[in-house]
Amino acid sequence: MLTLECPYCGIMADETELSPGYEAHLKRYGPGSTDAEFEAYMFARKNPKGVHFERWRHAYGCGKWFLAARCTATLEVFGTYPAQTSGPPPHIIAAIKARRPGWEAGQ
Amino acid sequence: MSTRLSTGGRLIDRTAPQGFTFNGRPMRGYKGDTLAAALLANDQMLMGRSFKYHRPRGVVASGVEEPNALMNLGTGARLEPNQRATTTELFDGLIAASQNHWPSLDFDIGFLNNHAARLLPAGFYYKTFIHPRAFWKHVFEPIIRQSAGLGKAPTELDADRYEQAYAFCDVLVAGGGIAGLNAALSAATAGQRVILMEQSAHWGGRAPVDGATVQGQAAESWIAATLATLAAMPNVTLRLRTTVAGVYDHGYVLADERIADHTPGDGRPRQRLWRLRCGQIIAATGAIERPLAFAGNDIPGVMLASAVRDYVVNWAVSPGDRTVVVTNNDDAYLTAIALKEAGLEVPAILDARATATGDLPSRARAMGIRVETGKAIAKVKGGKRVTGVSVCVQAGEGAVLHDIACDAVAMSGGWSPVVHLYSHCGGKVVWNDALAAFVPDTARPPINHDGRPMVVCVGAAAGHFAADAVSPGGGVGTDGAISRDANPAQAIQPVWVMPQGAGIKLRSKMWLDYQNDVKVSDVQLAAREGYESVEHTKRYTTLGMATDQGKLSNINGLAVLAAALDVTIPQVGTTTFRPPYTPVTLGALAGEARGEIFQPLRRTPMHEIHEKAGAYFEPVGLWRRPYCFAQQGESHADAVAREVNNTRQAVGLLDASTLGKIVVKGPDAGRFLDMLYTGVMSTLPVGKCRYGLMCNEQGFLSDDGVVARLSEDTWLCHTTSGGADRIHGWMEDWLQCEWWDWQVYTANLTEQYAQIAVVGPNARKLLQDLGGMDVSREALPFMGWAEGSLAGFPVRVYRISFSGELSYEIAVPASHGAAFWAACVTAGKPYGAMPYGTEALHVMRAEKGFIMIGDETDGTVIPQDLGLGWAISKKKADYLGKRGQERTYLANPDRWTLVGFETLDGSVIPDGAYVITDGTNANGQRNTQGRVTSTYHSPTLNRGIAMGLLLHGTKRLGEVVQFNTVSGGTVSAKVVDPVFVDKDGVKQNV
């Protein structure tokens, strides 16, 4: 039962208010893409033990989707940010590196 | 004999006697007793039978760790099995019965198992019941089922109510002993919001029993003063009888408060489940004493040393006149001293250590108690009660030196800190040699969302056993304040088997897990058979898998395993602690979610009218929809047939309010809907409707419905009843996360409108009688919609049909729904209008070959399989699911496709039937080439009709195929077009 801060409402939302949306920052591959590209988009999800970026929706709150950076091993949350971005913003990267010095974006 | 002492008992009130019964026998105790204490006071040492061998068992502990004294409590609607007598507070009228015996506790047939113990070793079930295969079903399983389980399951509905409460705090302190009170005081003084929960009915834990001093005061006065301070603080909440059962992610905690267990039927909820969100959890959960493994350590009368002390000091109960104390540490000497001070006899303290020189041994010796160091119990004598012990040297193999007559044995194998709450969420434990115990590894705590440690152990739970070591201001998030070896004189010498060189005969009588009958010899056998992992050994032997979850047995068990594998205890490691710490009754977990309020129900605005009309309701998601409206003397099948015929011949009314209604609006709304639907919605003219399909990105059909264009930039999307919330979420997902620069707004208006379908040849006449707008063929053609008023109600009328009949679906604001329905019923009387339910709807759509999401689709079906290629745009460059449908497997011409089936004999094909073909698969099952997806009796055709998916289906019209049936036979059916009625659409297009 996680708590994540909704970046729109600014409140710590209980997991019962949220619905999960799995991996964040996926690039969509539509018609014209190769089988390998489509397979990677559709099925090949990262499952890291450590830093991970996820989509969450404040389903029983404001209804907005947002993204969360957290550690799948310790459940530590590095930050949440709006979904309208194609990659983690600098302050999130900085928060992760502050706590996971060896970590590099794109891992 | 166990009996009540004439004086003492710090927890009992001798002026308040309480009557209760045990196995029907009336007994008496005092207010403040636990059931176990009261039974002992009535000389009832025998309290149950073990699970596997049905051995007679007495109470061994005084708290939550008790494995033996499990009772059926109460009767009828208040019967609850497997309740620990040691934690059950006595009340006047309590009814208790022992478990797992037949015909009686004293004489039990199952005890025969005990004499066959050699034939029932570890893994017995796995080894024995494999062959011959047929024996499992017919011989072994019935016998095992007969003898499985401990208590009796209640058969009546629970008479009690349960509630759930939510709370938030900065610091939750679990455990109201000295360490917990001290930690709560420190946190509260620092201004934090504190909740302190104690599982028992008393504050203070063990310290008062042990005569401890705290910060220079006697424990009892320190406790009273600290409690008074805490109670006066507004930021502190104190709860007794409340067990912190589990710690979960990010400071989420479940706690179980037993409000009225000891006052049943007084009108209060029986239990309250707390759901807490805590900034930090301080586990002041104490420690549990370990048994010693010697032969006969399960004979009634053998108890933990601390339990013996509790019974004497707390409840003035003597477990026996002569108690032999056996130990490997100083702490058990407290028991000998307490017994002696109560005027009871301690013939000897058998100390497995070579020397015993601490303060407590000195005090015991000074009281004249004989201390025999280096000694052990070779075996306990007795059957249903201890009669004596045979003494041997610990270093040897068990050669008897002499016997001591006694009627109780107090044993102590050291103390295990209760690290459960620390471990529930991933905190690690580390072996401490000096304590011979696992203690929290403060370097690897469970982590909260902010990266800080979520749980901190204090006091005995952290391995700091001396109450004296609690310092003012200590215990909040700090561990270093207290030195771990505060009391080096109580040094323990690990003893896992007694005597250390015991042969197999003795080891086969040394119990590790009392409840599940796991012995030292069983664990050693598992090790010999190759079980090296403690998790595997646990499951193979069932060690620690009983209702007590190994609170007494785990450490001893894994120490024995480590020795058998010739490795150290840390190398073997410990099993994972999982919540709940002690069992939580299902009633508390369910809370108030039972009966009518089990889940929220969604009712349409016309629900009450349907109820009055005698509707039979079916669940559709959280909705309740009328399945049919059976009239007097009608079966449901009769009613459905009548509703279909009446609708096809006259006119029917359907409550379609549950249909999803999502408005999509904005400059980019058309472009957005073209991505969402397989067809084109941007070209739909204002005033028109179009049927659309939605697929997921894999290409599989997900939802369908009619879209109406309301204005230049506004569309209304109808979804399936069950799909409205999901599809709205799906739309928002794409708009917010993928096409966030598109200007589109969505709103789920499902509950804002009531919707009524007026269906049948007389539908237009009915609406014309209502009056107010032109509903003629010319003004409102098929697949058009119009806004206006009918009988004075503001309406939006869609000319769409899911039945093949002339049909209008009319939306009115929800507040007008009931009145408009009533107006339709009245106006419809001259035309034979009758309401119809969801089953008639289904039959009529199947007669017309219309698909239903969830019947024809199951998440593996694409629109092309269903002959819906016409609803897929070939021109569009992209839509959700297009790329997925291009995959070779989905583009394969050998996919099963939709056809209709007519049985040759007119019967109805069973639901779920397969079309069989030649040969069998690798599992010996008949090969299949298709399956039925919808199957009904058609009142219109008076025969069975069906739709289904069939290999190369559309190319096989006219062919006869075989369906399997439930009874094992087959039924022949002809492959036909799925549209059974009015193929040309003449009836709907009038």
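Would you point out the residue of the range B:81-106, among those that are in contact with an Asp or Glu (Cβ under 6 Å, 6 or more places away or on another chain) and not β-branched (Val, Ile, Thr), that is surrounded by the fewest Cβ atoms within 10 Å (Cβ to Cβ)? Per the criteria, the residue is B:His101. Looking at the structure I just gave you, is B:Thr917 within 14 Å of chain A (Cβ to nearest Cβ) and surrounded by fewer than 20 Cβ atoms within 10 Å (Cβ to Cβ)? No, not satisfied.
Looking at the range B:910-964, the strands (runs of 3 or more DSSP E) lying wholly inside it that each contain 1 or more residues that are under 30 Å from B:Glu643 (Cβ atoms) and in contact (Cβ under 8 Å) with a residue 60 or more places away in the chain sit at B:926-938, B:943-951, B:960-964. Among residues of the range B:775-793 that are within 14 Å of B:Val758 (Cβ to Cβ), those with a beta-carbon under 6 Å from a residue that is in a loop (DSSP other than H, G, I, E, B) and open to solvent by 40 Å² or more (accessible area, probe 1.4 Å) at least six positions away or on a different chain give the pairs B:Leu790/B:Gly772. Considering the range A:1-36 alone, what residues qualify as being free of Cβ contacts under 8 Å to residues at least 60 places away in the same chain, touching a strand residue (DSSP E or B) at 6+ places or on another chain (Cβ under 8 Å), assigned to a loop (DSSP other than H, G, I, E, B) and within 8 Å of another protein chain (Cβ to nearest Cβ)? A:Met1, the sole residue that qualifies.
Whether any residue in the range B:436-446 is in a strand (DSSP E or B) and open to solvent by 30 Å² or more (accessible area, probe 1.4 Å) is what I want to check. Checking the range B:436-446: not a single residue is in a strand (DSSP E or B) and open to solvent by 30 Å² or more (accessible area, probe 1.4 Å).
When restricted to residues that are open to solvent by less than 90 Å² (accessible area, probe 1.4 Å) and in a helix (DSSP H, G or I), the range B:605-617 contains 3. Looking at B:Val312, B:Val317, B:Val308, which is the one that is open to solvent by 10 Å² or more (accessible area, probe 1.4 Å), of a type in the set (Val, Ile, Thr) and either more than 30 Å from the chain's Cα centre (by Cα) or modelled with pLDDT under 95 (or both)? Result of the check over B:Val312, B:Val317, B:Val308: B:Val312. As a summary of the residue check, B:Glu809 satisfies the conditions (1) open to solvent by 10 Å² or more (accessible area, probe 1.4 Å); (2) part of a helix (DSSP H, G or I); (3) closer than 13 Å to B:Leu654 by Cα except for the one numbered (2).
Pairing each residue of the range B:800-817 that is closer than 17 Å to B:Gln768 by Cα and of a type in the set (S, T, N, Q) with any residue that is open to solvent by 10 Å² or more (accessible area, probe 1.4 Å) and part of a loop (DSSP other than H, G, I, E, B), provided the two are 6+ apart or on different chains, yields C-beta distances under 6 Å for B:Ser807/B:Ser801. Give the range B:698-722 a look and list any residue that's farther than 15 Å from B:Leu684 by Cα, among the small types (Gly, Ala, Ser) and either open to solvent by 10 Å² or more (accessible area, probe 1.4 Å) or without any contact (Cβ under 8 Å) to a residue 24 or more places away in the chain (or both), or say none. Across the range B:698-722, the qualifying residues are B:Ser702, B:Ser721, B:Gly722. Listed by position, the helices (runs of 4 or more DSSP H) enclosed by the range B:495-587 that each have at least 2 residues that are open to solvent by 40 Å² or more (accessible area, probe 1.4 Å) are B:504-507, B:534-541, B:554-565, B:569-572.
Listed here are the residues, each with its yes/no results for (1) assigned to a strand (DSSP E or B); (2) more than 8 Å from chain B (Cβ to nearest Cβ); (3) surrounded by 15 or more Cβ atoms within 10 Å (Cβ to Cβ).
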position	(1), (2), (3)
A:Phe38	no, no, yes
A:Ala44	no, yes, no
A:Pro48	no, yes, no
A:Trp56	yes, yes, yes
A:Gly61	no, yes, yes
A:Ala68	yes, yes, yes
A:Thr74	no, no, yes
A:Phe78	yes, yes, yes
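Could you go through the range B:848-866 and let me know if any residue there is of a type outside the set (Asp, Glu), open to solvent by 20 Å² or more (accessible area, probe 1.4 Å) and without any contact (Cβ under 8 Å) to a residue 40 or more places away in the chain. Yes: the range B:848-866 contains one or more residues that are of a type outside the set (Asp, Glu), open to solvent by 20 Å² or more (accessible area, probe 1.4 Å) and without any contact (Cβ under 8 Å) to a residue 40 or more places away in the chain.
It is to be established whether one or more residues within the range B:703-715 are part of a loop (DSSP other than H, G, I, E, B) and out of contact with any His (no Cβ under 7 Å at 6 or more places or on another chain). Within the range B:703-715, one or more residues are part of a loop (DSSP other than H, G, I, E, B) and out of contact with any His (no Cβ under 7 Å at 6 or more places or on another chain).
Scanning the range B:274-293 for residues that are within 14 Å of another protein chain (Cβ to nearest Cβ) and either open to solvent by less than 20 Å² (accessible area, probe 1.4 Å) or farther than 24 Å from B:Ser186 by Cβ (or both) gives B:Arg275, B:Leu276, B:Cys278, B:Ile281.
Among the residues of this structure, A:Gly32 counts as one that is at positive phi, over 13 Å from the mean Cα position of the chain (by Cα), open to solvent by 40 Å² or more (accessible area, probe 1.4 Å) and not hydrophobic (A, V, I, L, M, F, W, C).
When the criteria are applied in full, B:Ala307 meets the requirement of being touching a strand residue (DSSP E or B) at 6+ places or on another chain (Cβ under 8 Å), in contact (Cβ under 8 Å) with a residue 40 or more places away in the chain, part of a helix (DSSP H, G or I) and over 18 Å from B:Ala364 (Cβ atoms). Residue-level check: of (1) within 14 Å of chain A (Cβ to nearest Cβ); (2) open to solvent by 70 Å² or more (accessible area, probe 1.4 Å); (3) in contact with a Lys or Arg (Cβ under 9 Å, 6 or more places away or on another chain); (4) touching a residue at least 60 places away in the same chain (Cβ under 8 Å), B:Tyr889 misses just (4). Looking only at the range B:165-188, decide whether some residue is open to solvent by 60 Å² or more (accessible area, probe 1.4 Å), closer than 25 Å to B:Ala590 by Cβ and either touching a strand residue (DSSP E or B) at 6+ places or on another chain (Cβ under 6 Å) or not assigned by TED's automatic domain parsing to the domain that holds B:Ala255 (or both). Yes, there is a match, as at least one residue in the range B:165-188 is open to solvent by 60 Å² or more (accessible area, probe 1.4 Å), closer than 25 Å to B:Ala590 by Cβ and either touching a strand residue (DSSP E or B) at 6+ places or on another chain (Cβ under 6 Å) or not assigned by TED's automatic domain parsing to the domain that holds B:Ala255 (or both). Counting the residues of the range B:588-604 that are in a loop (DSSP other than H, G, I, E, B) and either surrounded by fewer than 16 Cβ atoms within 10 Å (Cβ to Cβ) or without any contact (Cβ under 8 Å) to a residue 24 or more places away in the chain (or both) gives 8. Considering only the range A:80-104, state which residues are open to solvent by 50 Å² or more (accessible area, probe 1.4 Å) and touching a helix residue (DSSP H, G or I) at 6+ places or on another chain (Cβ under 8 Å). Listed by number, the list holds a single entry, A:Gln84.
Pairing each residue of the range B:723-734 that is within 12 Å of B:Met694 (Cβ to Cβ) and part of a helix (DSSP H, G or I) with any residue that is among the acidic types (Asp, Glu) and open to solvent by less than 30 Å² (accessible area, probe 1.4 Å), provided the two are 6+ apart or on different chains, yields C-beta distances under 6 Å for B:Ile727/B:Asp703. I'd like to verify a number: residues in the range B:444-459 that are within 14 Å of chain A (Cβ to nearest Cβ), touching a residue at least 12 places away in the same chain (Cβ under 8 Å) and either in contact with a helix residue (DSSP H, G or I) (Cβ under 7 Å, 6 or more places away or on another chain) or of a type outside the set (Val, Ile, Thr) (or both), how many? The qualifying residues number 9.
The values are calculated or read from the model by the stated rules, or taken from the named source; none is laboratory data. Note that the structure is a prediction, hence the values are computed from the model and not measured. A quick note on method: Cβ atoms are made from the backbone with ideal geometry, for glycine too, and the neighbour counts reach across all protein chains shown. We work out accessible area using only protein heavy atoms, side chains counted, and drop any ligands, DNA or RNA first. Shrake-Rupley method; radii C 1.70, N 1.55, O 1.52, S 1.80 Å.
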